[in-house]
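Participant: This is the structure I have questions about; it appears just below.
The values are calculated or read from the model by the stated rules, or taken from the named source; none is laboratory data. The shown structure was predicted, so the numbers you read here are calculated from the model rather than taken from an experiment. Here Cβ is always computed from backbone atoms with ideal geometry, including for glycine, and neighbour counts include all displayed protein chains.
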Amino acid sequence: MNKCNINCYGEYQREVYVDNKCILHCIKNDYQKDRNSGLLSSFYNEFINYTIEQVFEHSELFDDKYSKNEIATYLKSGKFENDEYNKALKKSIFIPSCIHFPKRDGRDTFDYLKILNLFGQIHFNSCEFYLSSLDLKNIECFFQDCKFHDRWTLYDYGVLENEDNVIYQTCEFTKSVSNYTPEKSTELAIYNHSQFDYTCKFNENLKFDRAIFKNRLFNTEQNNFLDENSTKRLKFNKCVFDKEFILNQYTIDKFIIEDSEFKDRFEFQSNSVNDIKIQNSKFEKVSIFTNSKFIELYISDSVFKENIDFRGSIFGKKHELAKSPTTLKSVIIDKSVNFRNVKFYYGLDIPDTKINDLSSFLNADLAVEYTPRDTFRRLKHEFDSIGNIIEANKFYHKEMQKMEEELTKELPKSFSEWIVFKIHDFSSKHSQDWVLALYWITTITFLYSHLKVFLCQENTEYYIIPFVLNILVFIFIVLEFLISKYINITYKFLSTIIIYFIYGFITNDFTLKCFSNNINPFSIMTGHDTLTFSTLIYKIIIAYLLYQFIISIRQNTRRK
């Protein structure tokens, strides 16, 4: 006779039922198929035999007072009305190992749940479950290295003592996990013990509706973690957390918190979330979202009584089209929010949000095209109020850029105002970039000096080459003007050197004598030149650029 290749219980190794497995350890099917084939009734009978062997192997109670035959007769009777036997079983521990528990129905006479409910402590070791729940009454449980093939409903089991003090350790849930919801709509499911350690694996969703957690939902004392923790969807609706909530180093597709309350610390660090929504919820203690990656984050109508920390986090994806900006709408933050060194690739929107301290946006990078102008205005005002002029100027610049975008959308109605903003941006990035202003001063002066020397030439034998070079320089400067917001300081320096050598070649003015005289906007007042219209235009442009150059330098210390 072939034996099961899993050690059932020593000398009582059972014969193979299917695929080298006995009826206890073989894969199970849907309820109707297993019931009609007789598997469920056969499983029940064999499970009783297995239970008897396990009980007498791990308990001295029955060896002293009851015989194995007595307990076997009692369990096989199916009545379970002997209080003396029941009390003895409640004091014992049952350790089923590697059992594949099939689907069940409480109306069946061969329902194995009746056997399980006789015990006071059960340690499920490397078991697999094909049913969606086990309503174990007043039993301390510990599921270790177990696998759940169907959706799984959590009941408020007692916790069997273990190192991490959790119900589920190193378990795999192939489908969704949810709490047991009381029949009365006003009741909340209560969980008195921590449910999972961080080595549990969730292949689908985690959803909790109308539940109170008296202890941490996730817990570990051994600091054991999987290399990659993930779940598709994590949702809390109308939940209350009395103890701290800690979930770090997870990959989550969607995380939703609605109408919930966190009475202790909320820690959500080093996570990667595609979509996170927090609505109408309350956080009593510190909330930490540091070093995380969020594609989309939306918080609305919520209250944070303590600080929120987003340091080092990233919102959105670089070089991708924005879906929607990071949004804090109608949020009350009683203390401060920390966005230091945070990148907002999709921008930031904080409408109707009360934040007592906005100053912690130091080195925050906000995408201008997706951030509302009011956000930049508020941040500029906040940094101004604490005397951080440099940071205030950064947000002032972004505010001006947004204003320019708004004017662009209103063209041609807003053309006169738009052209002023455009020139202001091109010339000095709204008085923030003194290098750009200096670059235009030197470049335009070189061009003007080229043309002035060239037009004053009496000898025409070298006419063609200087003319071509001047045209090329003019085209070069026009192109630079069009792309000025995209070129960096190194390019500006190199292009200025090139133009200088072309200028020196044409004019033989390598000492910049003519250049220096031209750059003075008031030179016409002391010199003997007549004022032509072209000279007037040049002097106006240079005067404006010099003003922008001075203001841009001044902006790094004060704006007003």
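Participant: Here are the criteria: (1) surrounded by 14 or more Cβ atoms within 10 Å (Cβ to Cβ); (2) outside the structural domain of residue 330 (by TED's automatic domain parsing); (3) modelled with pLDDT under 75. Tell me which single one residue 359 does not satisfy.
Facilitator: Every condition holds for residue 359 apart from (2).
Participant: Checking residue 347 against (1) of a type outside the set (Asp, Glu); (2) surrounded by 19 or more Cβ atoms within 10 Å (Cβ to Cβ); (3) under 22 Å from the mean Cα position of the chain (by Cα); (4) at negative phi, which single condition isn't satisfied?
Facilitator: Among (1) of a type outside the set (Asp, Glu); (2) surrounded by 19 or more Cβ atoms within 10 Å (Cβ to Cβ); (3) under 22 Å from the mean Cα position of the chain (by Cα); (4) at negative phi, residue 347 violates only (4).
Participant: In segment 356-389, which residues are in contact with a Phe, Trp or Tyr (Cβ under 6 Å, 6 or more places away or on another chain) and in contact (Cβ under 8 Å) with a residue 40 or more places away in the chain?
Facilitator: Answer for segment 356-389, where residues must be in contact with a Phe, Trp or Tyr (Cβ under 6 Å, 6 or more places away or on another chain) and in contact (Cβ under 8 Å) with a residue 40 or more places away in the chain: 367, 370.
Participant: Mind checking whether some residue in segment 51-61 is closer than 22 Å to residue 17 by Cβ, at pLDDT 90 or above, buried (at least 18 other Cβ atoms within 10 Å of the Cβ) and aliphatic (A, V, I, L, M)?
Facilitator: No, because not a single residue in segment 51-61 is closer than 22 Å to residue 17 by Cβ, at pLDDT 90 or above, buried (at least 18 other Cβ atoms within 10 Å of the Cβ) and aliphatic (A, V, I, L, M).
Participant: Restricting to segment 286-308, what's the tally of residues that are under 21 Å from residue 330 (Cβ atoms) and surrounded by 17 or more Cβ atoms within 10 Å (Cβ to Cβ)? Write out each step before concluding.
Facilitator: At the first step, the residues of segment 286-308 found to be under 21 Å from residue 330 (Cβ atoms) are 287, 289, 294, 296-308.
From the residues that got through so far, the ones that are surrounded by 17 or more Cβ atoms within 10 Å (Cβ to Cβ) too are 287, 289, 294, 296-300, 302, 304, 307-308.
Qualifying residue count for the region: 12.
Participant: Hey, among 427, 431, which residue is assigned to a helix (DSSP H, G or I) and crowded, with 19+ Cβ neighbours inside 10 Å?
Facilitator: Values: 431 fails: assigned to a helix (DSSP H, G or I).
From the options 427, 431, the qualifying one is 427.
Participant: Residue 335: surrounded by fewer than 22 Cβ atoms within 10 Å (Cβ to Cβ) and assigned to a loop (DSSP other than H, G, I, E, B), yes or no?
Facilitator: No.
Participant: Filter segment 250-262 down to residues that are part of a loop (DSSP other than H, G, I, E, B) and either touching a residue at least 40 places away in the same chain (Cβ under 8 Å) or at negative phi (or both), then give me how many there are. Walk me through it before giving the result.
Facilitator: Residues of segment 250-262 part of a loop (DSSP other than H, G, I, E, B): 259-260.
Still in the running and either touching a residue at least 40 places away in the same chain (Cβ under 8 Å) or at negative phi (or both): 260.
Total satisfying the criteria: 1.
Participant: Now for a separate question. Within segment 276-285, identify whether any single residue is farther than 21 Å from residue 230 by Cα, of a type in the set (Gly, Ala, Ser), in a loop (DSSP other than H, G, I, E, B) and in contact (Cβ under 8 Å) with a residue 24 or more places away in the chain, and answer yes or no.
Facilitator: yes
Participant: Let me ask something else about it. Restricting the first residue to segment 263-275 and requiring it to be among the acidic types (Asp, Glu), which pairs with a second residue that is in a loop (DSSP other than H, G, I, E, B) meet a Cβ separation below 8 Å and a spacing of at least six or different chains?
Facilitator: These pairs meet every condition: 264/242; 264/243; 264/244; 264/284; 264/285; 267/244; 267/247; 267/248.
Participant: Also: If we keep just the residues of segment 362-377 that are part of a helix (DSSP H, G or I) and either of a type in the set (Asp, Glu) or modelled with pLDDT of 80 or more (or both), which is surrounded by the most Cβ atoms within 10 Å (Cβ to Cβ)?
Facilitator: Let us first name the residues in segment 362-377 that are part of a helix (DSSP H, G or I), namely 368-370, 373-377.
Right, trim to either of a type in the set (Asp, Glu) or modelled with pLDDT of 80 or more (or both) and you get 369-370, 373-377.
On the way: 369: 12, 370: 19, 373: 17, 374: 13, 375: 25, 376: 23, 377: 16.
My answer is 375.
Table: residues versus (1) within 14 Å of the chain's Cα centre (by Cα); (2) under 25 Å from residue 244 (Cα atoms); (3) at pLDDT 90 or above.
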| site | (1), (2), (3) |
| --- | --- |
| 279 | no, yes, yes |
| 297 | yes, yes, yes |
| 307 | no, yes, yes |
| 326 | yes, no, yes |
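Participant: Of the residues 186, 199, which single one is free of Cβ contacts under 8 Å to residues at least 24 places away in the same chain, part of a loop (DSSP other than H, G, I, E, B) and of a type outside the set (D, E, K, R)?
Facilitator: Exactly one residue qualifies, and that residue is 186.
Participant: Continuing with this model, one more query. For segment 120-132, check the following and say yes or no: at least one residue is charged (D, E, K, R) and surrounded by fewer than 17 Cβ atoms within 10 Å (Cβ to Cβ).
Facilitator: no
Participant: Still on this structure: Spot the failing condition for residue 175; the list is (1) surrounded by fewer than 19 Cβ atoms within 10 Å (Cβ to Cβ); (2) over 28 Å from the mean Cα position of the chain (by Cα), and only one is missed.
Facilitator: With (1) surrounded by fewer than 19 Cβ atoms within 10 Å (Cβ to Cβ); (2) over 28 Å from the mean Cα position of the chain (by Cα) applied to residue 175, the lone miss is (2).
Participant: So, residue 385, is that one within 37 Å of the chain's Cα centre (by Cα) and surrounded by 22 or more Cβ atoms within 10 Å (Cβ to Cβ) or not?
Facilitator: Against the criterion (within 37 Å of the chain's Cα centre (by Cα) and surrounded by 22 or more Cβ atoms within 10 Å (Cβ to Cβ)), residue 385 does not qualify.
Participant: So, residue 139, is that one touching a Ser or Thr at 6+ places or on another chain (Cβ under 9 Å) and farther than 24 Å from residue 241 by Cβ or not?
Facilitator: no
Participant: Next question, about the same structure. Could you identify the single residue in 225, 218, 262 that is under 22 Å from residue 286 (Cα atoms), within 24 Å of the chain's Cα centre (by Cα), surrounded by fewer than 21 Cβ atoms within 10 Å (Cβ to Cβ) and not acidic (Asp, Glu)?
Facilitator: Numbers: 225 fails: under 22 Å from residue 286 (Cα atoms); 262 fails: surrounded by fewer than 21 Cβ atoms within 10 Å (Cβ to Cβ).
Going through 225, 218, 262 in turn, the sole match is 218.
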